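Notes to accompany the following structure.
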Amino acid sequence: MPEPRVRFRGVTKRFPGMVALRDVSFDVAPGSCHAICGENGAGKSTLGRILAGVHRADEGGVEIDGAVVRFASPRDALAAGVAMVHQELAFCDNLTVADNLCLGRLPRRFGIIDERALRQCALDLLATTGAQIDPSRLMGTLSVAEQQLVQIAAAVGEGARVIIFDEPTSSLGDAEAERLYALMRALRGRGVTQLYVSHRMPEIFALCDTVTVLRDGQHVATQPVQGLTEAALVRQMIGRELGDYLPTHTAAPRGDERLRVERFSSPGRFEDVSFAVHAGEVVGLAGLVGAGRSEIARALFGLDPSVTGDVFVRRTRAVLASPRDALRLGMGFVPEDRKKQGLVLGLCARENATLPTLSRFARGGWVNRRAEHAAAASSFSRVALRAGGESAASSLSGGNQQKVVLAKWLTADSELLILDEPTRGVDVGAKAELHAWIDQRAAAGAAILLISSELPELLALASRILVLREGRLRGELSRTQASQDALLRLMAGLG
Amino acid sequence: MFPLGADPRADLILPRHHVTDPTSPPTLAQRAWRAALRSPQLGLLLVLFVLATALTLAAGSHVDPQSGRMINNFLNQYTLIQMATDASAFAIMGVGATLVIIAGGIDLSVGAIYALAGVVMAMVLRAAGPLPPGLTLVLGLGTCLAVSLLAGLANGTMVIGLGVHPFIITLGTMWILRGIAFVVSRAESILVPASLTAVAKAPLGLGTALYPVPLLGMLAVTAAGGIYLSRTVMGRHVFAVGGNAEASRFSGLNVPRITLGVFVLSGLTAGFAAFLGAAFYGSATSSDANGYELYVIASAVVGGASLSGGKGSAISAMLGAVLIVTMRQAIRTLHLDQNYEWIIIGTALIIAVVLDQRGAKLLTERLARDA
């Protein structure tokens, strides 16, 4: 192996309540396309951000071409030839493409911006990526794919030798993704080193020559892609065989119908979706990003004003115009983004757990603190929270935070739970506990709608799985029919 | 931890703030001392204590003409009560402002609500003619609270209904309400009945020229605000909405109603302050409480309220008001040039907030290290 272009040496990074990376070391060869993969929360994005100067490592560091670098900002990284293409695009939406591309070095004549030179400079940069974008358009009017191209153009234009792609295809359509792959291959032909952060197997095998696996913030392996099988890679990512990683499923008897939706539609999100969930059942909802899974969950919880169709809760027609309506009907919702939607990080665990139901522990608006503490403590022991109820929610680990969100709906005695990616970003141990909890809730008679991007999770927990593609229900697989392969085919529309 | 299922020992695993040795229960004094050390007001109290001590030492003293004893120029009952009276308007409205700020908003209109409520009360009482003292009190207080309730409702309704940032809405109503006060009063200073002044200046057993009623009003509003925030469902919801409005909505909270509630309460504190002020000084004009909104917000912020929401305390807001008034008093007591008042207060405000934020950052870093 030649002198590495990038060398991570003992990188450790801590965030409040968690260790994101622990002593990670590996090399990236020049001109390679190097995948960094791992489960959600494995630390792969954090690693990319450290290289790009967004975060700083607490211990250890990064070498580029054998020289130790310490970037204080993405600007520093860019000056050293390292750029990042990511979802939260760092552009000024209110300025034009040309302004954004040349922001740090606007061409001037006598102190006035030279618009002609600026446009030419932007066109030259965009040409390097083959992008057909008018430089005078406002950044905010571009699609995500176009914004990515502008980002890559900016990176290449700044002379980047290393480009980090952080899940670049997660919000792209197939055609757009193909164009991105072509561009990446072209960049590789020009000797640009690429780090590709993703957990999508097909992309890794199609694009990359080397792959590094991270698990729970620790380095597992760095190896050539050639000769590797998907199964072996998955094993490295989750740390054990699929079989013993998930709990045994309790086949609870199917009870009364708890939820039925008919001809559920929301323009641009999903269309004509009908299904039912019974007591004692975990119904899985599978689909690729953008297939409409989370959108259905939000609509069920009264968060989508433009939804049409009929909803029946316990066989009675229900109006779900706000989360309060849903709450009154005994529904609980564990949203996708627990930090933004699930928790009030400034409050403590107990205050979060009793937030929707505080008035139950109050008389005349006056909180009975004993009752509140007792209810929270009981819910916390039932979800096996491994932290004190008075700790600030912001200080808890991902797993404990998710347990607090679950405790919130336990306290509310919700019989109908909508769980949207309940184990995202949660470490393996906590994940197993959450799985066992979901299984036991269903066995105890709760009706659960489970949305997950992790197929093994759905396969292990769900009584049956509904598959969505492009906003429509494309099929339903019973527990016996369902397999990773069958699901993927339905999700991707491979017939 | 316990396995799944209800735990019969739930009472035993109630979270505790600190571990105590069961063999020797702490004495009351020990517990008070520990509570003080943990108190979020510790920093403010220390600053106030240091400032008051320095002032006492630097102020010098004079001979009291009545008793013939030496009296400190700062640490004497007249100055302290006067300061409490000055602080009471800021503190009472500061408690209201703190609610709004915790909920993630801001209310710039409290000074104008104060002026309008005072003017309308004075006009209503003038129009009503002579009344028995009890009725004057009820009518006066009722008018002030009614006017300020309507003003708060207007603020809250517009913030919710128009979807415009509260800064803009209350900046607008700040001018509108003061303009209404100006027009209806024709810019006159209107006297209020002497029976009201008698109440506001009741000595309550203290010596002559010592008026504790504004001080008591301040303490009462602070206590009510503190209890509201820490012990009621609404109070908890205020913190939740300011901390994360989206998660609050996802938890089924009625976010618009909570927003409306804080603006109404903020208005009511202005109305109450107006009642005390007009009664105490014996008159009301449309230019009363001009610029108070900034002192009020400064009190809340010096008291640690975060303008990004989710953080703040009623007691701290009161202490913030007391601190600002103490700094103003320092300028008078030390015979500094009065023209420097704004420079000093502005500087102190920035220093206080920077110190508060640095403290929070240090705490976050420590949490990260402990992980």
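The values are calculated or read from the model by the stated rules, or taken from the named source; none is laboratory data. Just so it is clear, the model here is predicted, and its values are computed rather than measured. Backbone-built Cβ (ideal geometry, glycine too); neighbour counts: all protein chains shown. The accessibility values were calculated without ligands, DNA or RNA, using every heavy atom of the protein model including side chains. Shrake-Rupley method; radii C 1.70, N 1.55, O 1.52, S 1.80 Å.
Observations, loosely collected:
- Shielding by partners - mean other protein chain Cβ count within 10 Å, residues of A:379-390: 4
- Our summary gives chain A a relative contact order of 15 percent, counting only alpha carbon pairs under 8 angstrom and 6 or more residues apart.
- Within chain B: Cβ-based charge dipole about Cα centre, in debye rounded to nearest 20 (Lys, Arg +1; Asp, Glu -1): 440 debye
- Size descriptors for chain B: radius of gyration and Dmax over Cα atoms are 22.9, 77 Å.
- 10 Å Cβ neighbours from other chains, averaged over peptide A:336-342: 3
- Estimated D of region B:189-229 in µm² per second, where Rh is the Kirkwood radius over Cα pairs and Stokes-Einstein applies at 20 °C, 1.002 mPa s: 181 µm²/s
- In this label model, residue A:257 and residue B:219 are separated by 6.5 nm, measuring between points 7 Å along each Cα→Cβ vector.
- Spatially proximal aspartates and glutamates relative to residue A:44 (Cα-Cα < 12 Å; intrachain offsets below 8 disregarded): A:166, A:167, A:216
- Rounded to the nearest 5, the antiparallel percentage of DSSP beta bridges internal to chain A is 60%.
- Chain pair A, B: total accessible area buried, heavy atoms, 1.4 Å probe, Å²: 3500 Å²
- Counting only protein heavy atoms and a probe of 1.4 Å, the accessible surface of region A:6-240 is 50% carbon and sulfur.
- The H on the amide N of residue A:15, modeled in the peptide plane, is under 5 Å from the matching H of A:20, each at least 5 residues off or on a different chain.
- Relative contact order computed over chain B (Cα-Cα under 8 Å; 6+ residues apart), in percent: 28 percent
- Linear extension gain, residue B:64 paired with residue B:27, 0.36 nm per residue minus alpha-carbon span: 9.1 nm
- Most tightly packed first, judged by the mean number of other beta-carbon atoms within 10 Å of their residues, the peptides A:375-386, A:225-236, A:451-462 read A:375-386, A:451-462, A:225-236.
- Approximating the spin labels as points 7 Å out from Cα along Cα→Cβ, the residue B:342-to-residue A:112 distance works out to 3.9 nm.
- Estimated purely from DSSP H runs of n ≥ 4, each contributing -39500 (n - 2.57), the mean residue ellipticity at 222 nm for chain A is -9500 deg cm²/dmol once divided by its residues.
- Taking B:308, B:251, B:67 as the candidate residues, the one with maximal mean-square fluctuation in a Gaussian network model of chain B, Cα springs under 10 Å, is B:67.
- Förster radius 41 Å - calculated FRET efficiency between residue B:334 and residue B:187 (Cβ-Cβ, nearest 0.05): 0.70
- Scanning chain B for long hydrophobic helices, with DSSP H runs required to stretch 30 angstrom or more by C-alpha along their axis and to average at least 1.0 on the Kyte-Doolittle scale, returns B:77-102, B:133-162, B:255-281.
- Per-residue shielding of B:237-244, expressed as the average number of other chain Cβ atoms within 10 Å of the residue Cβ, stands at 5.
- Distance between the 7 Å Cα→Cβ label points at residue B:350 and residue A:337: 3.4 nm.
- Pairs of Cα atoms nearer than 8 Å and 6+ residues apart set the relative contact order; for region A:244-492 it is 29 percent.
- Taking 0.36 nm per residue of separation and subtracting the current Cα-Cα distance, fully stretching the chain between residue A:366 and residue A:440 would add 23.2 nm.
- Solvent-accessible area per residue for the protein assembly as shown (1.4 angstrom probe, square angstrom): 45 Å²
- Partners for residue A:408 among lysines (Cα-Cα distance below 29 Å; same-chain residues under 8 apart left out): A:339, A:340, A:431, B:311, B:361
- Separation of region A:191-215 from region B:311-362 is 55 Å, based on Cα centroids.
- Sites residue A:478 and residue A:231 - FRET efficiency at Förster radius 30 Å, r taken between beta-carbons, to 0.05: 0.80
- Theoretical FRET efficiency, 1/(1+(r/R0)^6), r = Cβ-Cβ of residue A:158 and residue B:168, R0 56 Å, to 0.05: 0.90
- For chain B, the carbon plus sulfur part of the accessible surface works out to 69%, probe radius 1.4 Å.
- GNM flexibility winner over chain B from B:297, B:227, B:343 (Cα, springs under 10 Å): B:343
- Once the convex hull of all Cα atoms in region A:6-240 is built, its volume per residue stands at 130 Å³.
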